[in-house]
Amino acid sequence: MKHFKFYSKKDILSLTKIRRYETRLGERVQHLKDGGEWPEGLQQSSAKYVLVGIPEDIGVKANLGSGGADTNWIPFLSEFLNTQSNDFFTGENVLLLGHFDFGDLKYLIENNAYSADELIDAYRHAVIAIDEEVEAIMKTIAASNKIPIIIGG
């Protein structure tokens, strides 16, 4: 879990625009307590869903696609957290776990590949490492009888 950032309440509220007389999802979603508690906190959470961001486009580029998928997480999260809590969806059934950051892999690949072929090979090799890290978190979420919601990747 070298590339995973767990969110604290402070992280969540930094993206939430609090307004008087309104309750936003960012004020209601669950999170792990500061300082860890992984995976125990996940297992103890009453949330049914676990929200995880994978803002990366290495896999897209490895398949010769156009990049840009790495920029979708924060805009999504900002809109999601600032949606009003309501009778149909309060947000309390969601645990916002955090997001992956594979920026160091992307930087390393893009600054050290000597040719286009080497760049594609490096992206494809990186996808294996990315998949292993993502799979480990997804298995833990599933083992906790929670439903993962993945944005990105």
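The values are calculated or read from the model by the stated rules, or taken from the named source; none is laboratory data. Keep in mind that this is a model prediction, so the values were computed, not measured. Because the Cβ atoms are built from the backbone with ideal geometry, glycine has one as well, and the counts that use them run over all protein chains shown.
One line per residue, one yes/no per condition, for (1) modelled with pLDDT of 95 or more; (2) farther than 21 Å from THR140 by Cα; (3) part of a helix (DSSP H, G or I):
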{"site": "TYR21", "(1), (2), (3)": "no, yes, no"}
{"site": "LEU32", "(1), (2), (3)": "no, no, no"}
{"site": "TRP38", "(1), (2), (3)": "no, no, no"}
{"site": "GLY41", "(1), (2), (3)": "no, no, yes"}
{"site": "VAL50", "(1), (2), (3)": "yes, no, no"}
{"site": "GLU79", "(1), (2), (3)": "yes, yes, yes"}
{"site": "ASP87", "(1), (2), (3)": "no, yes, no"}
{"site": "HIS99", "(1), (2), (3)": "yes, no, no"}
{"site": "ILE120", "(1), (2), (3)": "no, yes, yes"}
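Test GLY26 against the criterion of being modelled with pLDDT of 95 or more, touching a Phe, Trp or Tyr at 6+ places or on another chain (Cβ under 9 Å) and surrounded by 17 or more Cβ atoms within 10 Å (Cβ to Cβ), and give yes or no.
Spelling it out, GLY26 is indeed modelled with pLDDT of 95 or more, touching a Phe, Trp or Tyr at 6+ places or on another chain (Cβ under 9 Å) and surrounded by 17 or more Cβ atoms within 10 Å (Cβ to Cβ).
Out of the residues in the stretch 79-114 that are among the small types (Gly, Ala, Ser) and over 16 Å from the mean Cα position of the chain (by Cα), which is nearest to ILE149 (Cα to Cα)?
Only one residue fits best here, namely GLY91.
Yes/no per residue for (1) surrounded by 13 or more Cβ atoms within 10 Å (Cβ to Cβ); (2) on the phi < 0 side of the Ramachandran plot; (3) within 16 Å of the chain's Cα centre (by Cα); (4) of a type outside the set (Lys, Arg):
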{"position": "ILE58", "(1), (2), (3), (4)": "yes, yes, yes, yes"}
{"position": "ASP70", "(1), (2), (3), (4)": "yes, yes, yes, yes"}
{"position": "TRP73", "(1), (2), (3), (4)": "yes, yes, yes, yes"}
{"position": "ALA116", "(1), (2), (3), (4)": "no, yes, no, yes"}
{"position": "TYR123", "(1), (2), (3), (4)": "yes, yes, no, yes"}
{"position": "ILE128", "(1), (2), (3), (4)": "no, yes, no, yes"}
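For the stretch 34-73, which residues satisfy the criterion of being more than 15 Å from ILE130 (Cβ to Cβ), among the charged types (D, E, K, R) and out of contact with any Ser or Thr (no Cβ under 7 Å at 6 or more places or on another chain)?
The answer is GLU37, GLU40, LYS48.
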